[in-house]
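Reviewing the structure listed below.
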Amino acid sequence: MPNQPIATVTLVVDAAAPAEDAIQAAAAAIRRGELVAFPTETVYGLGANALDATAVARIFAAKQRPAADPLIVHIAAIEQLALVAAEVPPLALALASAFWPGPLTLVLRRQPIVPPNVSAGRDTVAVRVPAHPVARALCAAAGVPIAAPSANMFTRPSPTEAGHVLEDLSGRIELLLDGGATPIGLESSVLDLTQPQPQLLRPGGLPIEALRQFVPDLEFNPRYVDAHTPEAQAAPGMLLKHYSPRAELRLYAGSAERAGARLLADARQALAAGRRVGALAPDEDAAALRELGVQVVALGPGADLARIGRRIFAGMRALDRAGADLILARGVGRAGLGLAIWDRLVRAAEGRVIDAGD
Ligand code: TXA
Ligand code: MG
């Protein structure tokens with residue numbers, strides 16, 4: 001915690017065509033070693049000069065992130081990859097050519113120019129070229145790679161709006177570029193190419209089905225770990241408690257019919273017990289829940305995973321602000337973006353998944 005709060009300046013920018021003066025101001029701040037939050041196509045990032053170990057250390061302090069959890073380095077274009085990655089295997093080049101700029105992060109061998117604290121002491125580095133015009137312009141203008149985790153406090157839901165960044169980090173960062181809501185709303189997919197077999201460390205905005213064009217047998221088999229165990233050091237991205245609202249969240253799996261019915265029954269019971277119940281629900285479920293007295297965030301039609309993905313973190317925050325102490329959510333299918341949505345819900349639920357059957 002910094003002793004002196006920092007005055008956080010917010011600059012509103014056009015998401016499609018950010019004004020040059022705002023971008024130049026942000027780029028200069030990055031070069032001075034300051035912290036700048038900015039929108040990407042996935043979520044807001046908390047950026048600092050990736051080649052400046054002192055600036056990078058400030059990222060960890062600002063969001064109270066454990067030093068063992070490495071950061072993603074954002075570059076302006078594929079041509080900068082060799083600056084931060086020591087080896088670029090043909091598969092990395094093929095994936096980068098196909099999906100950058102975009103929501104794919106590749107873990108590669110780290111160049112010594114990237115300070116060790118970026119990667120939590122590992123000899124690898126996670127890197128991506130973001131697609132959002134504001135992020136692209138900032139990376140290009142800064143002239144240095146930008147290390148940026150999501151711009152939330154550690155374990156809080158990722159920020160998909162500028163207001164979420166201020167909720168968590170006001171007084172802890174110098175600058176925020178407010179480019180409105182982020183279009184994907186789920187973090188990037190993280191693919192480790194330093195293992196004998198490519199490993200999907202985090203499903204995200206680029207669906208696993210797209211990655212399988214290049215890695216046909218790619219699977220996602222998460223082994224979520226508790227923060228207080230030794231395994232947490234070895235698998236920093238796999239912390240079970242992550243992306244959590246303050247309220248207890250329960251996730252209902254199984255067929256829409258059975259999971260929906262079980263959720264409704266549990267909502268009734270919890271309300272009777274005096275709990276303040278909220279729900280993250282597909283539009284189809286919203287009316288029945290509201291009738292009971294549940295605070296509902298309707299995420300969109302159940303089949304519209306892009307819309308649900310865009311709104312899931314904002315929904316968690318909204319229910320926290322509304323004072324819910326229990327949040328009920330129904331699982332989505334795991335195809336496409338569903339896999340990333342499912343992963344975020346399981347972690348927000350800290351593993352409390354109730355299987356209502358098929
Ligand atoms: O979409 C995104 O990826 C956003 C935007 C801002 O780019 N960033 C983001 O960063 O979500 P963060 O720090 O919240 O998540 C980074 C993930 C973590 O799970 C971290 O453990 C993993 O990437 N990671 C970073 N560097 C790694 C490395 N060298 N080896 C393995 N995993 C790494
Ligand atoms: Mg994060």
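What follows draws every value from the coordinates through simple rules; no lab data is involved. These numbers come from a predicted model, not from an experiment. Here the Cβ is made from the backbone with ideal geometry for all residues, glycine too, and neighbour counts use every protein chain on show.
With K and R counted +1 and D and E -1, the other residues having a Cβ less than 13 Å from that of N49 yield a net charge of 0.
Report the local net charge at A77: Lys and Arg +1, Asp and Glu -1, summed over other residues whose C-beta lies under 13 Å from its C-beta. Computed value for this residue: +1.
Under Stokes-Einstein, with the Kirkwood radius over Cα pairs standing in for Rh, what whole-number D in µm²/s applies to segment 248-355 at 4 °C and 1.567 mPa s?
Values: Rh = 13.4 Å.
Approximately 97 µm²/s, per Stokes-Einstein.
Percent of C-alpha pairs per 5 Å bin in segment 82-200, short distances first: 2, 10, 18, 22, 22, 15, 9, 3, 0. Considering only beta bridges that DSSP places wholly inside the chain, some 35 percent are antiparallel. Counted by neighbouring Cβ atoms within 10 Å, the residues S150, S170, S158 run from fewest to most as S170, S158, S150.
What number, in nm² with one decimal, is the all-direction average of the projected area of the convex hull of the alpha-carbon atoms of segment 139-212? If you wrap the Cα atoms of segment 139-212 in a convex hull and average its projections, you get 6.8 nm². Between helix 305-321 and the chain there is an angle of about 80 degrees, using the helix long axis and the longest principal axis of the Cα atoms.
Please compute the net charge surrounding L206, taking Lys and Arg as +1 and Asp and Glu as -1 over other residues with Cβ under 14 Å from its Cβ. Numbers along the way, then the final one.
Numbers: positive: R128, R202, R212; negative: E41, E187, E209, D343.
So the environment of L206 carries a net charge of -1.
State, to one decimal in nm², a quarter of the convex hull surface area for the C-alpha atoms of segment 9-211, i.e. the direction-averaged projected area.
Working: hull surface 39.1 nm².
If I average the Cα hull's projected area over directions, I get 9.8 nm².
With q set to 0.14, 0.15 Å⁻¹, the log10 of I(q)/I(0) for the chain, from the Debye formula over equal scatterers at the Cα positions, is -1.14, -1.29.
The long axis of helix 256-272 is offset from the longest Cα principal axis of the chain by roughly 80 degrees.
In square nanometres, what is one fourth of the surface area of the convex hull spanned by the alpha carbons of segment 30-102?
On the way: hull surface 22.5 nm².
For segment 30-102, the mean projected area of the Cα convex hull comes to 5.6 nm².
Angle of helix 283-292 to the longest C-alpha principal axis of the chain, folded into 0 to 90 degrees and rounded to 10: 50°.
Of the options I354, F313, L328, report the single residue whose Cα projects farthest towards the positive end of the charge dipole of segment 248-355 (beta-carbon charges: Lys, Arg +1; Asp, Glu -1). So the residue furthest toward the plus end is F313.
Under a 5 Å amide H cut-off, with hydrogens placed 1.01 Å from N, Q111 pairs with A85, A86 among residues at least 5 apart or on other chains.
With 10 angstrom as the radius, rank F214, F38 by how many other C-beta atoms surround their C-beta, starting from the fewest.
On the way: F214 15, F38 32.
Fewest to most other Cβ atoms nearby, the residues stand as F214, F38.
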